[in-house]
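Quick note: the coordinates plus some simple rules give every number you see, no bench work behind them. Small disclaimer: the values here were computed from a predicted structure and weren't measured. Cβ: placed from backbone, ideal geometry, glycine included. Neighbour counts: every protein chain shown.
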Amino acid sequence: MKSGEKSVSGRSKTGNYEKYREILYRERELAATVLEVQIRVKKAVLNREWTDFEKAMETLTRIGGEFEELDAKRAAVFEQEDGQGGFYVLAARLPGVEREELTRVYRALKLDIIRIKLENDTLVAYLNEARIMVAGFLEAIFPERKGRLYSRRGTRVEADMRSLVLNKRF
């Protein structure tokens, strides 16, 4: 079978090329949206715009569900093709033009996901540093408490900084 030819059934060598291609393109669209929303989350946190933060987090949750669905579809298509050995084994069975397009989109998707992870890691690092700084600040102000916090009633409260909200920029 020459590059670009169809089999007797009218499908490419793998049969599910169009489905796989469509899923990869849709995943790339979602990845681009996730990156945009993550940037909005970061800006909302830095500017302490908590309403915008909540909206962006809701959007990320919704998109995450869509991404999981697409990933399950992609895995199902992969299994239909006897997907032993990974994506590149599947791509190797395709005619040249189809193989080149799928590998290009797949690599671009992988890069998109790396960008998303970097953006997320940057925000997490910022939040961790802010948490450490606040803990150090509280320790400097109240050394006798030794990191312990107390409620208005005087009972000890866990010093869990995950939900600490500050309205001042440091």
statement: Net charge (Lys, Arg +1; Asp, Glu -1) of residues whose beta-carbon lies under 12 Å from that of Ala72, Ala72 excluded, is -4
- prompt: Working out 0.36 nm times the residue gap between Asn47 and Phe137, then minus their Cα-Cα distance, what length gain in nm do you get to one decimal?
  reply: 30.3 nm
query: What ranking, highest mean first, results for peptides 126-135, 21-30 when packing means the other Cβ atoms within 10 Å averaged over each residue?
result: 21-30, 126-135
query: What FRET efficiency would be calculated for the residue pair Ala32, Asn128, taking the C-beta separation as r and a Förster radius of 45 Å, to the nearest 0.05?
result: 0.95
